[in-house]
Structure formats: structure tokens, C-alpha cells
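One structure is given here, and the rest of the page talks about it.
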Amino acid sequence: MKNLAQRIREARLTKGLDQAKLAAKLDIATRTLQRWEQDEQVPDSHYLMRLAKATGVSPHWLLTGQGQQYAKTYMPESKVLPLPVNQYKKLKLISLPLLSSVPGGAPKFIFHPDYVEKYITVDDVNDPNAFALEVKGNSMAPRIEDGDIIVVSPKLEGKSGDICVVRVGDEDTVKRVKIETEFVQLIPLNPEYEPMVVRKRDVVFVWRVVKVIKNL
């Protein structure tokens, strides 16, 4: 079976794109795409979804090499992942809705506040509007890793130095923030990822992460 790097290259070539054109579609450097195809670096879940959409292949096939190579339709709602049963210690205090996933990598599609996948039970959260999200990607590792659950408090607006869920336009991400007069820096904890700078006027909200539930 071909590895991920080979499948990325196959998807690109089948679509008739050179590396520069596909990199432009993904808003990345051509050298980054070259590293993916040479198996020197692995794209996070955000870019895997964008790769699949740009080349017309199934995200499942691209990631695993299994199933049909070409998806009939692109369904971003497939990002909503079920919470594993009996994986987390339950406390008799407050139940929070697990809405969907948020990327711990590059910004991704927004989570859906009207779609509750599961409820999880936590303690010491003083916000009736608090909710939980599952993190995808490792840009915040080792503190927050792929599969971890974060609890977000909308009433606590993030300040510089806080780890927050940030909505920029119609995309979400979880990062440490540094808030400046006109810009907001989105800073990963994993040194393999580059910080991002966005315009403050493009930021919809900055909500503080108040709890992390590790994926055991």
C-alpha cells in the first residue's frame, strides 16, 4: 500500500496540478508541499481536508489508503467525531455539550453550536454557556494533543498569554494568543509549527480555554 506522501503526489498528478499550483490553492509554500510528498513532514488534519478538496479525492482514502479514492461529495460535517464511551472520569457536577472538533493546527471550518454530539461531565466550570471541543492536530503539543478535549468559556474573553479558541472570519483554531493594537498573534506551543498573525478586525471572538481533558 502506498504511504501518505505517495497518495498526496498521486492525487496531485491525477488532478493535473504541478506543485506550485496546488501549493497556491492550499495557501502554503511550494517547499512545504515538497516536504509532504517526500515524506519529510506530515500535514495536519486541516491541510489533509484541504488537500482532499483541492484534488477531489476522499479524505479517508488520502489519510489511510483505504476505501474509494474519489468521494461523491465533500462533507465537512464529517469532522464531527463521537466522544469515546467511558474514556473520561465522570464527576457529579456539570454536564457540558461536546459540539465538534477544533483544529490544533491551521485554522479550519467553524464548529457548529447547534449540533451536540455528546455531553461530558466536568467540575469547576462557572459558566452556563461553557462547552467542550475535541482538538484535532498537534500544534499545541505537548500541553494539548490530538484527541484531547478542551472546555471553553465564552464569558471569559482571552487576554495575551491565554490559550483560546479563536474564530477568524469563518475558521476556528486553538492557540496561545498575543493581542496587539491592530493584530492578533496565534502562537502554537509545538515548535514545528509557525505562528500566524491576523488582523484584529477579522477576529470574531477570542474565548478562553479553561480546562483540558487528556486523551488517555
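The values are calculated or read from the model by the stated rules, or taken from the named source; none is laboratory data. In this text the structure is predicted, and so the values were computed from the model without any measurement. Cβ: placed from backbone, ideal geometry, glycine included. Neighbour counts: every protein chain shown.
Quick check: anything in region 192-208 among the hydrophobic types (A, V, I, L, M, F, W, C), within 22 Å of Gln41 (Cβ to Cβ) and under 13 Å from the mean Cα position of the chain (by Cα)?
Checked against the condition, which is being among the hydrophobic types (A, V, I, L, M, F, W, C), within 22 Å of Gln41 (Cβ to Cβ) and under 13 Å from the mean Cα position of the chain (by Cα), region 192-208 yields no hits at all.
Out of (1) at pLDDT below 90; (2) surrounded by 15 or more Cβ atoms within 10 Å (Cβ to Cβ), what's the single condition that is false for Gly169?
Status for Gly169: all satisfied but (2).
Table: residues versus (1) on the phi > 0 side of the Ramachandran plot; (2) basic (Lys, Arg); (3) in contact with a Leu (Cβ under 9 Å, 6 or more places away or on another chain); (4) surrounded by fewer than 17 Cβ atoms within 10 Å (Cβ to Cβ).
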site	(1), (2), (3), (4)
Ala24	no, no, no, yes
Thr30	no, no, yes, yes
Arg35	no, yes, no, yes
His46	no, no, no, no
Gly56	yes, no, no, yes
Pro59	no, no, yes, no
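Out of region 27-51, which residues are touching a residue at least 24 places away in the same chain (Cβ under 8 Å), hydrophobic (A, V, I, L, M, F, W, C) and under 17 Å from Lys136 (Cβ atoms)?
Val42, Met49, Leu51
Filtering region 140-163 down to residues that are outside any strand (DSSP E or B) and basic (Lys, Arg), which residue is modelled with the highest pLDDT?
Restricting to residues being outside any strand (DSSP E or B) and basic (Lys, Arg), the top hit is Lys159.
Got a number for residues in region 5-37 being at pLDDT 90 or above and assigned to a loop (DSSP other than H, G, I, E, B)?
Matching residues across region 5-37 total 3.
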